Amino acid sequence: MERINLCVARSLSEIITATFNWLKQEIKPFLRAFAVLALPVIVVFVLLLKDFLMEYLYVAENVELMDTQATMMMLQRSMLTGLFGLLMGMWIQLFALAYMRVYQEHYRAGIFEAVTVKEVFDVMRRKFWVFVGWSILFGVIVAAGLMFCMLPGIWFGISLMFGGYYVMMRDMKIGDALSASWRLVKGAWWLSFGNVVVLSLITSVVSYVFGLPYLIVTMGSAIGGGEPNVYAAVFTLLISYLGQYLLANVMVVGIGMLFFSLIEDKEHLSMLDRIEEMGGGATGNEGMA
């Protein structure tokens with residue numbers, strides 16, 4: 001199969017098609033790296049959720065036993081769970097972007113070997129702290145916009161969403177990445193918004209399928225009037241989160257395809273590469289002559 005060039009100007013439909021074609025092409029090395037670098041973290045997350053899940057189910061059935069102290073403990077655990085979930089989402093995004101960077105470096109260097117776990121981890125390790133800083137700043141900006149009104153939050157979210165890509169792909173500092181993302185989206189805001197909406201719809205529908213086993217276990221217990229089996233609940237919850245975070249990669253890759261498409265449209269990197277190759281070939285022919 002011919003390797004897919006990420007730096008190609010594409011329409012919205014072509015971006016969606018290229019996203020799934022690329023994932024299909026990279027399925028084996030991508031899942032191998034995901035299993036090593038992301039799956040263990042997801043398993044730990046689900047195991048940490050187990051006690052909170054069981055406590056929540058118990059409280060739901062015995063509301064009258066709740067006191068102030070128990071309520072505060074529930075709130076604290078809920079906040080810690082939410083925080084860990086945010087960290088998980090950041091880790092998955094970091095993983096997918098690191099993989100795409102290594103892939104693009106291979107493509108431009110003419111390397112046809114599969115992306116390795118070590119290459120992806122090296123990028124993740126090198127860019128971890130700056131990406132954490134970027135994620136926090138981006139989250140604060142979008143949250144502030146959403147607090148005042150939904151529209152500013154959405155506007156800032158779309159306009160600045162490529163900052164993380166600039167941090168990972170171009171080694172930019174956070175401030176420079178913000179400015180670069182704003183300039184890149186200028187004139188292509190609606191295309192960017194449409195890309196996010198379409199990817200969100202696709203991943204939401206498929207994510208529902210992964211969540212069905214957990215829903216069946218908890219609903220069955222509620223209808224039967226008993227407590228759900230702990231192992232069944234944890235196992236189905238693991239399936240649900242595994243599907244959710246696997247699909248998060250689809251979102252990151254799809255937005256990445258748009259990022260490279262807009263970059264190509266503005267900077268014509270592929271065309272410059274071809275001109276450079278032609279120039280190199282001409283020089284070589286002159287030398288031979």
TODO: Report yes if F112 is among the hydrophobic types (A, V, I, L, M, F, W, C) and assigned to a helix (DSSP H, G or I), otherwise no.
DONE: no
Open item on the list: Yes or no: the stretch 124-132 includes at least one residue that is touching a Gly at 6+ places or on another chain (Cβ under 8 Å) and either of a type outside the set (D, E) or modelled with pLDDT under 90 (or both).
Closed with: yes
TODO: Considering only residues that are buried (at least 19 other Cβ atoms within 10 Å of the Cβ) and touching a Phe, Trp or Tyr at 6+ places or on another chain (Cβ under 9 Å), look in the stretch 16-28 and name the one that is farthest from L199 (Cα to Cα).
DONE: E26
TODO: Might you check whether a residue that is in a helix (DSSP H, G or I), farther than 25 Å from L191 by Cα, over 18 Å from the mean Cα position of the chain (by Cα) and without any contact (Cβ under 8 Å) to a residue 40 or more places away in the chain occurs anywhere in the stretch 85-104?
DONE: no
Task: Counted residues, the stretch 113-134 - those being over 28 Å from K28 (Cα atoms) and buried (at least 18 other Cβ atoms within 10 Å of the Cβ) - done: 1
Open item on the list: Where the second residue is outside any loop (DSSP other than H, G, I, E, B) and the first is without any contact (Cβ under 8 Å) to a residue 40 or more places away in the chain and lies in the stretch 107-127, which pairs have Cβ atoms under 8 Å and are six or more apart or on separate chains?
Closed with: I111/E105; E113/H106; E119/V102
- [ ] Please work out which one of (1) surrounded by fewer than 20 Cβ atoms within 10 Å (Cβ to Cβ); (2) in contact (Cβ under 8 Å) with a residue 60 or more places away in the chain is the condition G164 fails and give its number.
- [x] (1)
Open item on the list: Cβ contacts < 9 Å: first residue free of Cβ contacts under 8 Å to residues at least 12 places away in the same chain, restricted to the stretch 176-203; second residue of a type in the set (K, R) and not in a helix (DSSP H, G or I), any location; separation 6+ or different chain. Result?
Closed with: D176/R170
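The values are calculated or read from the model by the stated rules, or taken from the named source; none is laboratory data. A quick note: this is a predicted structure, and the numbers were derived from the prediction, not measured. Positions of Cβ are backbone-derived with ideal geometry, glycine not excepted, and every protein chain shown enters the neighbour counts.
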